[in-house]
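S.K.: Please read through the structure below; I'll follow up with questions.
The values are calculated or read from the model by the stated rules, or taken from the named source; none is laboratory data. Everything quoted here is computed from the prediction, not taken from an experiment. When we count neighbours, we look across all protein chains shown, and the Cβ atoms used for this are built from the backbone with ideal geometry, even at glycine.
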Amino acid sequence: MKILNQIESQNIEFKPKFSDEVIKSLVAFSNANGGNVLIGIDDDGKILGCNINKETIQHWINEIKTKTFHDLIPKLCLENAENENIVIANVLEHPLKPISFKGRYYIRKQNSNHLMNATEIADEVNKTLNTSFDAYAPEDYSIGDLNLDEIKYAIDIINKRKEIKISSNANEFLTKYNLISNNKPTLAALLLFCDRFSYKRTVQIGVFQSNLIIKDEFITSNYLIRQADEILEFVKKHINKMTFIVDQPRNIQKWEYPLEALRELIINLVVHRDYRQTATIKIFEDEIVFSNYGGLPSGYTVDDFILGKRSSYLRNKLIAKIFRECSIIEEYSSGLKRAVKLFRKNGNKEFEFLVDENNFTVKAFSLNKDIEKGVEKGVEKGVEKGVEKLSKNQQIILNLISKNSRISKEQIRIEGELTKKTVEYNIVSLKKKGLLKRVGANKGGYWKIIE
């Protein structure tokens, strides 16, 4: 038999005899992609055989059925290998997941069985019911808890983008998008429109001078539809637009992070997070770290989303639907893939993903991270020669001036957290490089960035 030549894997398990461990493995396979337990073979693949009589197989099936929920009924086949009896127990992926063994839930991962955590169990239940985390309707909230002005705001956004307008009636809107269940608001409705639920929407953003020192912070519990743009505006205040001197009539200016990609990462954080915990964004000198509670669903990898290997998975289907109707997202589960492409196009280093069962973290790296002196790798082909990297302090100064052309040197010193001497030195240097010009008198004049 070909199956005997295999080793223990995602779909194969060896057991020397029938026991609870066999049932546990069958449950784990049924909660994953299905698999086979070969009974009568040890972990090293040595055939031991097992004692079988005409009632044994049926007795095992009954025991498996009794100890599992939903009742698991595998296919058991008696085979002969090297003059020994072995039994191959086969299960397919179960349509009503998750299956439990003695009240506990297991799933197959590579060549071992893992005890499922609460999030994994809830995800499998939601997939079975064709629903999602945000479809649950808590008993202690009513439709009266929803902010009608915010509902109207969402309706107005949708109608601006639709040829066929939807009703402006709040109850009709909530019903159309399944935001109420048994006349109770779902978690999606509460997260989108409820003032009392604002604490669940919290996103913490910190600007770090070091791992321990915070220079600035912003905490938002705003309505979800407004959060992405609000967070992006704060992030923009703390990143720089970089100027590169090239052998062209005009110098090239680029944000150290592509703004459209940052927006995709922020939207991904808002739409796909597990709202039982706070999400965080940490801005460091050369990187931004986006952290979300709620890991990937079982069996998925980051590449599944970046490369489009698998169909979309939505933790919060109802919220995602509203975001798509408002044109905040274009296509389900495409934001991460688009962000990766935009970072590559801009010349940034590849993302670093830190993913486990409970958390999903993306590290996005600044252009500063990979630029060597005199070379900016992300500049379009044909203009790479003659690039000069500006110092961090010069970038800070130009960034502040680009936002306020009438900013004073003292304001630059304060907002840029620089010394007076540093401001003076770098302004002179920028003038010499032909990047900055003062127009008019010190009082009443303004700065002009020369591109």
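S.K.: Do we have any residue at all in the range 222-241 that's over 30 Å from Leu430 (Cβ atoms), buried (at least 19 other Cβ atoms within 10 Å of the Cβ) and not hydrophobic (A, V, I, L, M, F, W, C)?
M.R.: yes
S.K.: Please find, among Thr128, Thr68, the residue that is of a type in the set (S, T, N, Q), in contact (Cβ under 8 Å) with a residue 12 or more places away in the chain and outside the structural domain of Ser19 (by TED's automatic domain parsing).
M.R.: Only one candidate qualifies: Thr128.
S.K.: Is it true that Lys437 is touching a strand residue (DSSP E or B) at 6+ places or on another chain (Cβ under 6 Å), surrounded by fewer than 18 Cβ atoms within 10 Å (Cβ to Cβ) and at pLDDT 85 or above?
M.R.: Yes.
S.K.: Follow-up question, since we're still on this one. Among the residues of the range 201-218, count how many are loosely packed, with under 13 Cβ neighbours inside 10 Å and in contact with a Lys or Arg (Cβ under 8 Å, 6 or more places away or on another chain).
M.R.: Counting residues in the range 201-218 that are loosely packed, with under 13 Cβ neighbours inside 10 Å and in contact with a Lys or Arg (Cβ under 8 Å, 6 or more places away or on another chain) gives 1.
S.K.: Something else about it: Out of the range 403-428, which residues are buried (at least 16 other Cβ atoms within 10 Å of the Cβ), closer than 21 Å to Gln209 by Cα and of a type in the set (A, V, I, L, M, F, W, C)?
M.R.: Correct list: Ile412, Leu418, Val423.
S.K.: Another question about this same structure. I'd like the residue in the range 154-170 that is under 15 Å from Leu192 (Cα atoms) and of a type in the set (Gly, Ala, Ser) and, out of all such residues, is surrounded by the most Cβ atoms within 10 Å (Cβ to Cβ).
M.R.: Selected residue: Ala154.
S.K.: Further question: In this structure, does Phe173 turn out to be buried (at least 16 other Cβ atoms within 10 Å of the Cβ) and closer than 22 Å to Arg273 by Cβ?
M.R.: Answer is no for this residue.
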